[in-house]
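The values are calculated or read from the model by the stated rules, or taken from the named source; none is laboratory data. Everything numeric in this text was worked out from a predicted model, so none of it was measured. Here the Cβ positions follow ideal geometry from the backbone for every residue, glycine too, while neighbour counts run over all protein chains shown.
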Amino acid sequence: MTTTHEGHTDHTDRTGAAAVPPVVDRAAWQAARDELLVREKAHTHEGDAIAAARRRLPMTEVDAGATVVGPDGPTTLLDLFEGREELIVYKHMWHLGQPFENQCEGCTLTYWAAHNPAYLTARGVSFAVFAKAPYAELAPFVEFMGYPQHWYSVFDVDDDVVSGDDFGTWMCFLRARDRVFLTNSVTGRGAEATMPALSLLDMTARGRLEAWQDSPEGWPEGKVPGWFWRAGEDGVGNSWTGGRPAIQWTRPGATPVAPGEHHHH
């Protein structure tokens, strides 16, 4: 490493790459890895204890007859259980009247990796997505994204749990015969539970490369949180240039959005 003319330490090797972790032999690497594993196991055990506390939370009743609108027309919250005891719902943000490319980036990331509920239903848990828009506006987006037909409009529902302003939230419901109860809700960074891409990035040397994260000196400069939101025509996010949430680029028929054709929020 060298010192630049500005007095800053220049963490580069002879290839000019950014700073990298120190190089050690395999035994030293294993020793360092094993040391961190102790902390990781403690973290896992604390997570187990928190999950146990969740199972001991009280619950609150919700209107089982609240009517939502899905691919087959109106249906009730109770019907969404499909006879199962539990139901998980994702409340997906929706910008009314906006084109697909303006729909919520964070919700896209949160829901994308969890949209096949096979392993939930195998465990007796049903699954649905709620969005606050007429179903006729949701249906083309669901088709474009190749999503399962488990999206429901809560546009005309008054119940605060079902259609309140806390979109970007996972909600867990329990059915007792024909009554429905809310047992848990998770939002904010808690929703990272269904963002495996972020978990994988957290396993890497560079991490998420977001500005807030604690990185060694000389690491590549982090971007603002939300680099995954919009991807411009070059496929690289972090500034919105008329692109769309990154995963939308993989959809059939996805084309660049011409400037002036969008209304960005």
Notebook entry, point to check: Would you pick out the residues in the stretch 216-229 that are out of contact with any Asp or Glu (no Cβ under 9 Å at 6 or more places or on another chain) and without any contact (Cβ under 8 Å) to a residue 24 or more places away in the chain?
Noted result: Glu221
Notebook entry, point to check: Checking Leu80 against (1) in contact with a Pro (Cβ under 9 Å, 6 or more places away or on another chain); (2) assigned to a helix (DSSP H, G or I), which single condition isn't satisfied?
Noted result: (1)
Next item on the list: Hey, can you tell me all the residues within the stretch 101-124 that are touching a strand residue (DSSP E or B) at 6+ places or on another chain (Cβ under 9 Å), touching a residue at least 40 places away in the same chain (Cβ under 8 Å) and surrounded by fewer than 16 Cβ atoms within 10 Å (Cβ to Cβ)?
Entry: Gly124
Margin query: For the stretch 42-100, which positions are surrounded by 14 or more Cβ atoms within 10 Å (Cβ to Cβ) and of a type in the set (Ser, Thr, Tyr)?
Written below: Thr67, Thr75, Thr76, Tyr90
Note to self: Could you check the stretch 90-123 and list, in sequence order, the residues that are within 18 Å of Thr183 (Cα to Cα), among the aliphatic types (A, V, I, L, M) and touching a helix residue (DSSP H, G or I) at 6+ places or on another chain (Cβ under 8 Å)?
What the structure shows: none
Margin query: Please determine whether any residue of the stretch 172-184 is surrounded by fewer than 16 Cβ atoms within 10 Å (Cβ to Cβ), without any contact (Cβ under 8 Å) to a residue 12 or more places away in the chain and over 14 Å from the mean Cα position of the chain (by Cα).
Written below: yes
Margin query: Looking at the structure I just gave you, is Ala42 under 20 Å from Phe173 (Cβ atoms), in a helix (DSSP H, G or I) and either modelled with pLDDT under 95 or outside the structural domain of Ser153 (by TED's automatic domain parsing) (or both)?
Written below: no
Note to self: Here's a check for you: in the stretch 185-209, which residue that is of a type in the set (Ser, Thr, Tyr) and over 14 Å from the mean Cα position of the chain (by Cα) is surrounded by the most Cβ atoms within 10 Å (Cβ to Cβ)?
What the structure shows: Ser185
Note to self: Given the condition out of contact with any strand residue (DSSP E or B) (no Cβ under 7 Å at 6 or more places or on another chain) and closer than 23 Å to Gly253 by Cα, answer yes or no: does some residue in the stretch 149-170 qualify?
What the structure shows: yes
Notebook entry, point to check: Within the stretch 125-163, which residues are in contact (Cβ under 8 Å) with a residue 40 or more places away in the chain, surrounded by fewer than 17 Cβ atoms within 10 Å (Cβ to Cβ) and among the hydrophobic types (A, V, I, L, M, F, W, C)?
Noted result: Ala139, Phe144
